[in-house]
Amino acid sequence: MGAISRLAEMKDFQASIEKLRRDAAEAALIRDLAADRIKRDLYDRLHIHLSRLADEVELAMKSKQAG
């Protein structure tokens, strides 16, 4: 894979990480503003899930850079 392709791939990874983190933050905000417990629980799970996905994409990106 050429240097330009790797750079583009890293930018894609970074964009995905940033979007996942923004979405996780939005889910946390909705969770914090939710009036009922069911909605709070749902958005808390969504926040946790999106945060984990962002972490996993970040790890994949770092692994790809190292190897």
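The values are calculated or read from the model by the stated rules, or taken from the named source; none is laboratory data. Not measured: the values here are computed from a predicted model. Neighbour counts run over all protein chains shown; Cβ positions are idealised from the backbone, glycine included. In case anyone asks, the SASA skips ligands and DNA or RNA and just uses the protein heavy atoms, side chains included. Shrake-Rupley method; radii C 1.70, N 1.55, O 1.52, S 1.80 Å.
Observations
- The sole residue among D32, D44 that is part of a helix (DSSP H, G or I) and crowded, with 16+ Cβ neighbours inside 10 Å is D44.
- Condition check for R21: open to solvent by 60 Å² or more (accessible area, probe 1.4 Å), in contact with a helix residue (DSSP H, G or I) (Cβ under 7 Å, 6 or more places away or on another chain), touching a residue at least 24 places away in the same chain (Cβ under 8 Å) and not aliphatic (A, V, I, L, M): yes
- Scanning the range 2-18 for residues that are under 29 Å from R45 (Cα atoms), open to solvent by 70 Å² or more (accessible area, probe 1.4 Å) and modelled with pLDDT under 90 returns K11, D12.
- K64 vs. criteria without any contact (Cβ under 8 Å) to a residue 12 or more places away in the chain, of a type in the set (K, R) and in a helix (DSSP H, G or I): no
- Here R45 qualifies as modelled with pLDDT of 95 or more and out of contact with any helix residue (DSSP H, G or I) (no Cβ under 8 Å at 6 or more places or on another chain).
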